[in-house]
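Worksheet: one structure, shown below.
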Amino acid sequence: DAGVTQSPTHLIKTRGQQVTLRCSPKSGHDTVSWYQQALGQGPQFIFQYYEEEERQRGNFPDRFSGHQYPNYSSELNVNALLLGDSALYLCASTSGVGTQYFGPGTRLTVL
Amino acid sequence: ELKVEQNPLFLSMQEGKNYTIYCNYSTTSDRLYWYRQDPGKSLESLFVLLSNGAVKQEGRLMASLDTKARLSTLHITAAVHDLSATYFCAVDIFMEYGNKLVFGAGTILRVKS
């Protein structure tokens, strides 16, 4: 049974560019949440997707957007990248409001 | 606004010693997680505490939850070097639609031999 997977593992972008990160949830899970973890800090909630809709959002600007596909996989898009967007981006999946299981993360570096 | 406070933020301890990490939170929740994170890695789930008075143990780690005091503890018994990592507590917040985890700042644990 595959757990949560994320791609790519690492990514380097320059300021102003756009980036797409991908997440496949654990088998049987229908809900995907995204978190941003800056260096030396705890993860911060970005948003949660369920039934292809964003149902909760944290305190992040509109530059951060997402999508969920019918197979429950999800994307996180960040536009107009800033240096401060450099972080580890974590995807977590769950069934409904159950226990969240985290993926390995994508390390984004913005130069 | 919900706050999750961990202390200490940094803990240096000798092998064989005992210590406790504290996690205080400012709103009602009946579900709390403890995670371990190694440098450059993702979060490894250690414990899920689901109710008041819950206590779970795995090896040298024991976690407890007091929902009335809004306090969770992670107790380390006879520390070994392999326990060196960053430990996070996270409170599960249920909203009208969905839920989210609110994390503490983390406790960096260094076990010296």
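The values are calculated or read from the model by the stated rules, or taken from the named source; none is laboratory data. Note that this is a predicted model, so its numbers are computed, not measured. For neighbour counting, all protein chains shown are included, and Cβ atoms are generated from backbone atoms with ideal geometry for every residue, glycine included. The accessibility values were calculated without ligands, DNA or RNA, using every heavy atom of the protein model including side chains. Shrake-Rupley method; radii C 1.70, N 1.55, O 1.52, S 1.80 Å.
Listing for the model above:
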| read-out | value |
| --- | --- |
| Selected residue (only one of A:ILE12, A:ILE46 is open to solvent by 60 Å² or more (accessible area, probe 1.4 Å), in a strand (DSSP E or B) and either closer than 26 Å to B:MET95 by Cα or modelled with pLDDT of 95 or more (or both)) | A:ILE12 |
| Number of the condition not met by B:ALA79 [criteria: (1) assigned to a strand (DSSP E or B); (2) among the small types (Gly, Ala, Ser); (3) in contact with an Asp or Glu (Cβ under 8 Å, 6 or more places away or on another chain)] | (1) |
| Whichever residue in the range A:16-35 is assigned to a strand (DSSP E or B) and away from chain B (no Cβ under 14 Å) and, among such residues, is surrounded by the most Cβ atoms within 10 Å (Cβ to Cβ) | A:SER24 |
| Filtered residue count, the range B:26-37, keeping only those that are over 15 Å from B:GLU5 (Cα atoms) and either free of Cβ contacts under 8 Å to residues at least 12 places away in the same chain or in a strand (DSSP E or B) (or both) | 2 |
| Looking only at the range A:74-102, and only at residues there that are open to solvent by less than 20 Å² (accessible area, probe 1.4 Å), away from chain B (no Cβ under 12 Å) and of a type in the set (Ser, Thr, Tyr), the one that is farthest from A:GLY40 (Cα to Cα) | A:SER74 |
| Residue check for B:GLY40: in a loop (DSSP other than H, G, I, E, B), within 14 Å of chain A (Cβ to nearest Cβ) and free of Cβ contacts under 8 Å to residues at least 40 places away in the same chain | yes |
